[in-house]
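The values are calculated or read from the model by the stated rules, or taken from the named source; none is laboratory data. Just so you know, these numbers come straight off a predicted model, no measurement behind them. Every residue, glycine as well, gets a Cβ built from its backbone with ideal geometry; the counts of neighbours run over all protein chains shown. Remember, those area values only see protein heavy atoms, side chains included, never the ligands or the DNA or RNA. Shrake-Rupley method; radii C 1.70, N 1.55, O 1.52, S 1.80 Å.
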Amino acid sequence: MKFSIKLVLSTMIVLALALGFSGFYFVNYVFETSLEREVGQALDESSILSFAFETAALNVPLKYSVLPDSVVEEIASKLEMGGQSGGRLLRISDEEKNILYTSSGFTADEGLLVQTDQHTKSYQVIRAQNNFYVHTCVSINALNRILYLETMKDVTGVFTERALGFSLYRKVTVVMLLTGMVIMLFIASFLTKPIRLLTRATQNMAAGDYAYRARQISRDELGQLTGDFNRMANALEENICKLEEEIEAREEFMGAFAHELKTPLTAIIGYADMLRSHKLDEEKSIMSANYIYTEGKRLEAMSFRLLDIIVAKQEEAQMQEAPVGELFVYLREMFAEKKEPEIRFSHEEAVVRMEANLIKTVLVNLIDNACKASEADGVVEVTGQRVDGGYRIAVRDYGIGIPEAEQSKIVKAFYMVDKSRARSKNGAGLGLALCAEILKIHHSELQIESKEGEGSCFSFLLP
């Protein structure tokens with residue numbers, strides 16, 4: 001069952017119970033008030049009749065010391081005919097509660113008479129022949145006699161009004177419930193619209209449409225839920241895109257890795273087979289051995305770089321505060337014998353948080369790449385300076401530069417802008433990938449500024 005239907009049904013049940021109890025209370029309150037008024041009028045009328053009876057008894061001739069039964073009947077008959085409708089329903093009994101006079105149509109039993117004594121006035125509501133009456137009983141003291149006067153007042157109209165009230169209220173309740181149901185259907189449809197939109201969004205996303213978003217149409221809790229869902233969908237889409245990019249990068253990596261292995265292995269196998277199967281002169285033998293050695297060293301460098309990348313991805317850097325001057329002392333000693341191109345070092349003193357050995361690896365790779373990209377008479381500049389937010393180290397060359405379209409790809413493993421130039425300088429396209437992984441665990445990244453034909457600047461920021 002749909003949530004909107006459940007909402008409508010539950011609301012209708014609560015509304016029906018509320019209307020039912022309130023209607024019963026209201027109609028019953030009106031009925032009890034009317035009945036109480038009728039009972040009061042019946043008791044007042046009984047008092048008036050008893051007073052009239054006693055007054056009439058006082059007018060009886062003095063020849064009677066005790067009021068005779070015939071006079072009682074005569075007075076009762078006159079009282080009966082004195083009603084507004086031309087007659088009253090009454091009954092008069094003597095001291096022994098024997099009936100002396102009864103109006104035609106007086107059908108009440110003698111139960112109330114038995115319960116009444118000289119000092120009480122009693123009443124009851126009775127039903128007789130599909131009509132309702134207020135039955136009263138009161139004692140009368142007339143000429144040394146104690147008589148009992150009973151009356152019956154018709155209150156059928158009060159009960160009829162109650163029945164009509166209940167009937168009308170039931171009809172009004174049904175109309176109100178039907179009207180309320182229609183209104184609640186519209187309200188429930190409006191309130192649950194965000195849920196339907198969320199359901200549609202989840203179905204589309206389950207079908208593979210990760211770009212689909214639920215439309216936010218309110219600012220309440222459901223609107224907030226829609227916003228949270230869309231943010232979750234954004235994060236999910238980003239993660240899926242990252243996974244797809246990682247899968248694509250992995251496939252590219254495997255293809256590039258196989259290709260990079262195939263090229264030197266083909267050369268090694270070819271020249272080794274030539275040395276094995278042919279008798280070569282000394283010059284060709286040295287050349288073949290040189291090719292085998294060069295390609296073997298390239299394979300060795302590539303394997304070491306791959307291992308470094310794997311270790312860098314899994315390693316957690318042990319950050320320590322260290323002076324920058326130690327880095328530059330190491331780099332000067334490392335490249336002291338390299339005369340072409342010229343390497344210039346300059347830095348501002350500072351203390352930074354880093355894992356020194358890993359940062360040394362980054363700088364050695366960057367300087368080595370800068371030297372390969374430069375001409376023999378070129379210049380490579382290695383600088384360090386304090387900036388807002390940390391300490392920036394930069395390696396700048398004035399060599400061949402990198403095309404703008406290639407700059408976002410060069411940190412991928414095995415990617416080389418100029419493959420022939422890279423291979424001629426014993427490169428495998430792994431140095432920048434290693435640098436990127438090391439800087440990532442330092443919560444930094446490699447910044448690349450390059451213009452083709454004018455050189456490149458690789459820099460990063462340390463805290």
Item checked: Segment residue 107-residue 445, length gained on full extension (0.36 nm per residue, minus Cα span) -> 110.8 nm
Notebook entry, point to check: By how many nm would the segment from residue 326 to residue 17 grow when fully extended, if each residue of separation counts as 0.36 nm and the alpha-carbon distance is taken off?
Noted result: 102.7 nm
Checklist line | Accessible area (Å², per residue) of the chain, counting only protein heavy atoms and a probe of 1.4 Å | finding: 60 Å²
Checklist line | Semi-axis lengths, Å, region 10-77, gyration tensor of Cα atoms, sqrt of 5 times eigenvalues | finding: 54, 9, 6
Check: So what is the calculated 222 nm ellipticity per residue for the chain, using -39500 (n - 2.57) for each DSSP H run with n of 4 or more, over all residues, to the nearest 500 deg cm²/dmol?
Finding: -20000 deg cm²/dmol
Check: For the chain, which whole percent of the accessible surface, found with a 1.4 angstrom probe, sits on carbon and sulfur atoms?
Finding: 56 percent
Next item on the list: Kindly work out what percent of the DSSP beta bridges joining two residues of the chain are antiparallel, to the nearest 5.
Entry: 90 percent
Next item on the list: Report, ordered by chain and residue number, the aspartates and glutamates lying within cross-link reach of residue 121, taken as a straight Cα distance under 14 Å and ignoring same-chain residues fewer than 8 apart.
Entry: 44, 45, 150
Check: Cα centroid distance between region 162-181 and region 92-128, in Å?
Finding: 41 Å
Checklist line | region 444-462 residues near the modelled residue 319 label - backbone nitrogen below 15 Å, point 7 Å along Cα→Cβ | finding: 444-445, 461-462
Next item on the list: May I have the extent of the alpha carbons of the chain along their three principal axes, as whole Å values ordered from largest to smallest?
Entry: 179, 54, 35
Item checked: 20 Å reach of a label modelled at residue 131, 7 Å along Cα-to-Cβ, counting backbone N of region 154-169 -> 154-164
Item checked: Amide H within-cut-off set for residue 210, under 5 Å, with H built and near neighbours excluded -> none
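Taking the square root of 5 times each eigenvalue of the Cα gyration tensor, what semi-axes in Å does the equivalent ellipsoid of region 82-143 have, largest first?
Square roots of five times the eigenvalues give 20, 15, 11 Å.
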Next item on the list: Determine the alpha carbon to alpha carbon distance for each of 339/440; 193/242; 262/372; 262/360 and list only those over 26 Å.
Entry: 339/440; 193/242; 262/360
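Provide the gained length on full extension for the span residue 235 to residue 52, in nm with one decimal, where the gain is 0.36 nm per separating residue minus the Cα-Cα distance. Before the final figure, lay out the partial values.
Details: separation 183, 0.36 × 183 = 65.88 nm, distance 9.71 nm.
Additional length available on full extension: 56.2 nm.
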Notebook entry, point to check: Among the helices of the chain (complete DSSP H runs), which have Cα atoms covering no less than 24 Å along the helix axis and a Kyte-Doolittle mean of at least -1.0?
Noted result: 3-58, 156-191, 221-277, 282-314, 356-373
Notebook entry, point to check: With labels modelled as points extended 7 Å from the Cα through the Cβ direction, what inter-label distance (nm, one decimal) is found for residue 9 paired with residue 99?
Noted result: 5.9 nm
Notebook entry, point to check: Within region 325-345, what residues put their amide N at less than 20 Å from the label point 7 Å along the Cα-to-Cβ vector of residue 406?
Noted result: 341
Notebook entry, point to check: For the pair residue 300 and residue 377, what calculated FRET efficiency results from E = 1/(1 + (r/R0)^6), where r is the Cβ-Cβ distance and R0 = 22 Å, to the nearest 0.05?
Noted result: 0.15
